[in-house]
Amino acid sequence: MVAVLAPQASSLVGLVDVLAPALATGCTAVVVASEERPLPAIELAEVFATSDVPGGVANLLTGRTAELAPWLAAHGEVQAIDLAGAPADLAAELEAAAAATVKRVLPRPAAEPDPAAAPGVTRLRASRRSRPCGTR
């Protein structure tokens, strides 16, 4: 299971940008939706619920990222955490909590994804290289 912190400013595009690599590499994901714009994430969760995606593959949490993220970083069943939407002041604390339970950490990017830019494969490669969910 991978914990994914969705970017705060780019709600749907940012969410898909960080969720897709986890799902494409065969992992289940727990996603903390954007605090500022949670409705697109809720709509995406409804799409997953009514599609052919098996239940439990993508799980959505809404709420304050600063309150939910430390629990996910310290949880023993979470094997990796993507800090894309982590607040800058909380990222180091989350990395330390993840290290205590030997998790893979995808670091917080310097800037949020630009929805107008061509999509890249950087995060997908990082997810695939880390193989957090036992994929081969």
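Where a number appears in this text, it was derived from the coordinates with a stated rule and is not lab data. Here the structure is a predicted model, which is why all the values come from computation and not from measurement. In this analysis, Cβ positions are derived from the backbone assuming ideal geometry, glycine residues included, and neighbour counts consider all displayed protein chains.
A few points about this structure:
- Using C-alpha pairs below 8 Å separated by at least 6 residues, the relative contact order for the chain is 32 percent.
- For ALA29, residues with placed amide H under 5 Å, excluding near neighbours: VAL2, ALA58, ASN59
- Shown here is the pair-distance distribution of the chain: with all Cα-Cα distances grouped in 10 Å bins from zero up to the longest one, the shares run 13, 47, 36, 4 percent.
- Karplus 3J(HN,Hα) series, Hz, for the stretch 21-33 with 6.51 cos²θ - 1.76 cosθ + 1.60 (x for Gly, Pro): x, 5, 6, 5, 8, x, 9, 8, 9, 10, 10, 9, 5
- Rounded to the nearest 20, the Cβ-based charge dipole of the chain about its Cα centre (Lys and Arg +1, Asp and Glu -1) stands at 680 debye.
- Karplus-based coupling profile of the stretch 89-105, in residue order and whole Hz: 6, 9, 4, 5, 5, 5, 4, 5, 5, 5, 5, 5, 10, 6, 9, 6, 10, with θ = phi - 60° in 6.51 cos²θ - 1.76 cosθ + 1.60 and x standing for Gly or Pro.
- Couplings for the stretch 79-88, taken from phi via the Karplus curve 6.51 cos²θ - 1.76 cosθ + 1.60 with θ = phi - 60°, read 9, 8, 9, 9, 8, 4, x, 6, x, 4 Hz in order; Gly and Pro are left as x.
- Over the chain, dividing the summed -39,500 (n - 2.57) contributions of all DSSP H runs of at least 4 residues by the number of residues returns a 222 nm mean residue ellipticity of -13000 deg cm²/dmol.
- Think of the chain as a dipole: +1 on every Lys or Arg Cβ, -1 on every Asp or Glu Cβ, centred on the Cα centre; then among LEU68, GLN8, VAL18, VAL18 lies furthest on the positive end.
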